[in-house]
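Note sheet for the following structure.
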Amino acid sequence: MIFRLPQFQVGLRENLAQFSLLVIVNAFVGAMVGMERSILPVIAEDEFALKARTAVLSFIVVFGLTKAVANYLAGRVSEAWGRKPVLVAGWLIATPVPFLLMWAPSWSWILLANSLLGISQGLSWSATVIMKIDLVGPKQRGLAMGLNEFAGYLAVAGAAFVTGFIAARSSLRPEPFYLGVVFVAAGLVLSTLLVRETAPFAAQESVTRRAEPMPSPSDVFKKTSFADPNLSSVSQVGFVNNLNDGVAWGLFPLFYLRAGMTIDQIGILAAIYPATWGVFQLAAGALSDSIGRKPLIVFGMWVQAIGIGIVVIAARFREFAAGLCLLGVGTAMVYPTLLSAVGDVAPPSWRASSVGVYRLWRDLGYAAGALVGGVIADAFGLAAAMSAVAVATFISGVMAALRMTETLHS
């Protein structure tokens with residue numbers, strides 16, 4: 001798609017109103033997935049009598065696979081047709097999700113809801129990421145991504161807490177999912193009526209940078225996945241990061257339940273991790289603009305591994321909370337920084353596609369975490385599955401330390 005429009009001035013201050021609107025929209029995107037985090041694994045066991053961990057975690061597998069593919073398509077489509085159509089399409093696809101979660105008569109309907117949720121998240125969240133990168137330009141990319149992920153994951157935490165609170169005082173269904181109707185309506189209205197297209201900003205930035213040949217889609221995939229040391233390191237770390245998040249989403253609530261936690265306490269614990277993650281991303285994103293991306297990525301993975309280890313050996317609420325806070329801080333160090341690193345390395349002409357490939361690998365981690373975690377948990381127990389993920393997270397940080405170079409100002 002070719003844009004022939006007047007000058008567009010990049011920068012956070014210059015585009016504050018539109019940037020702030022996109023932050024709000026992404027909060028609603030995050031809230032949609034937050035609805036499930038505290039109660040869906042419990043619903044799987046309590047209402048649908050699923051005992052095998054692989055069966056319980058199947059909703060995360062479906063979510064991860066569909067979101068991963070949607071991430072990739074969002075990058076390609078947003079370069080061809082623009083960012084806003086991708087954002088609006090994501091919200092339209094999300095429309096049936098809360099109703100399916102409320103009234104699903106069988107687990108297969110829950111899986112359908114999560115496939116739609118995954119597609120919606122892939123399109124909508126990718127669009128807000130790409131649009132913010134377009135608006136702010138290279139100087140404040142880390143801060144922009146910190147704000148984006150702050151809004152999204154603080155909303156995940158808030159929705160997880162509120163749905164757990166509602167479930168403890170009413171029932172697991174349908175009341176907790178009434179919120180989803182509000183989230184969809186608000187996100188769709190704001191995206192359709194108020195959000196403006198940002199692709200012209202990327203086109204303007206391309207003019208100021210050294211012209212580079214436009215690679216084919218397969219070349220972008222290869223560069224981001226394997227060939228470029230920095231982009232492929234980012235993809236590897238993102239994959240493992242969401243692998244452990246998939247386990248945290250699916251297995252941690254069951255682990256808390258076995259330790260004697262109530263539904264109220266599980267809701268609070270399910271909120272602590274993404275809340276810490278969300279808040280600390282503000283500082284981490286801005287910090288990466290000054291000290292660089294690599295230190296936060298490497299040490300963030302190691303901090304996550306320690307946090308998971310603490311959760312494994314914990315027995316009381318405050319011990320679980322301490323481990324989850326550490327896990328949240330480590331994830332906050334990594335999450336916005338990875339997106340910023342992609343923006344550093346990939347030229348504006350194919351940056352959206354590279355973001356899509358990175359997010360493809362990152363969210364395949366959800367599916368891998370659910371599958372691997374479920375298989376290990378069924379064979380050796382919940383603690384063994386969580387411990388294995390902690391080890392994988394630490395090794396991921398080692399690999400990034402050995403292969404990645406600093407991308408800031410590259």
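For the residues 334, 355, the requirement of being buried (at least 24 other Cβ atoms within 10 Å of the Cβ), at pLDDT 90 or above and among the hydrophobic types (A, V, I, L, M, F, W, C) singles out 334. Among the residues of the stretch 155-172, is there at least one that is among the basic types (Lys, Arg), buried (at least 22 other Cβ atoms within 10 Å of the Cβ) and at negative phi? No, the conditions are met nowhere in the stretch 155-172. Set side by side, the residues 10, 25 differ, and just one is surrounded by 18 or more Cβ atoms within 10 Å (Cβ to Cβ), part of a loop (DSSP other than H, G, I, E, B) and among the β-branched types (Val, Ile, Thr), which is 10. Filtering 44, 74 for residues that are within 23 Å of residue 178 (Cβ to Cβ), modelled with pLDDT of 85 or more and crowded, with 19+ Cβ neighbours inside 10 Å leaves a single hit, 44. The set of residues from the stretch 47-65 being surrounded by fewer than 24 Cβ atoms within 10 Å (Cβ to Cβ) and at pLDDT 85 or above comprises 47, 48, 58, 61, 62, 65.
Looking only at the stretch 69-112, count how many residues are polar (S, T, N, Q), in a helix (DSSP H, G or I), in contact (Cβ under 8 Å) with a residue 24 or more places away in the chain and out of contact with any Gly (no Cβ under 6 Å at 6 or more places or on another chain). Going through the stretch 69-112 one residue at a time, the tally reaches 1. If you filter the stretch 261-285 down to residues that are surrounded by fewer than 18 Cβ atoms within 10 Å (Cβ to Cβ) and part of a helix (DSSP H, G or I), you find that the one that is farthest from the chain's Cα centre (by Cα) is 264. Among the residues of the stretch 28-40, those identified as more than 11 Å from residue 152 (Cβ to Cβ) and assigned to a helix (DSSP H, G or I) are 35, 36, 37, 40. Summed over the stretch 198-236, residues that are under 22 Å from residue 138 (Cα atoms) and either modelled with pLDDT of 90 or more or more than 24 Å from the chain's Cα centre (by Cα) (or both) total 26.
Of all residues assigned to the stretch 388-400, none qualifies as being crowded, with 18+ Cβ neighbours inside 10 Å and either at pLDDT below 95 or not in a helix (DSSP H, G or I) (or both).
The values are calculated or read from the model by the stated rules, or taken from the named source; none is laboratory data. Note that this is a predicted model, so its numbers are computed, not measured. Heads up, the Cβs are rebuilt from the backbone with ideal geometry, glycines too, and the neighbour counts pull from every protein chain shown.
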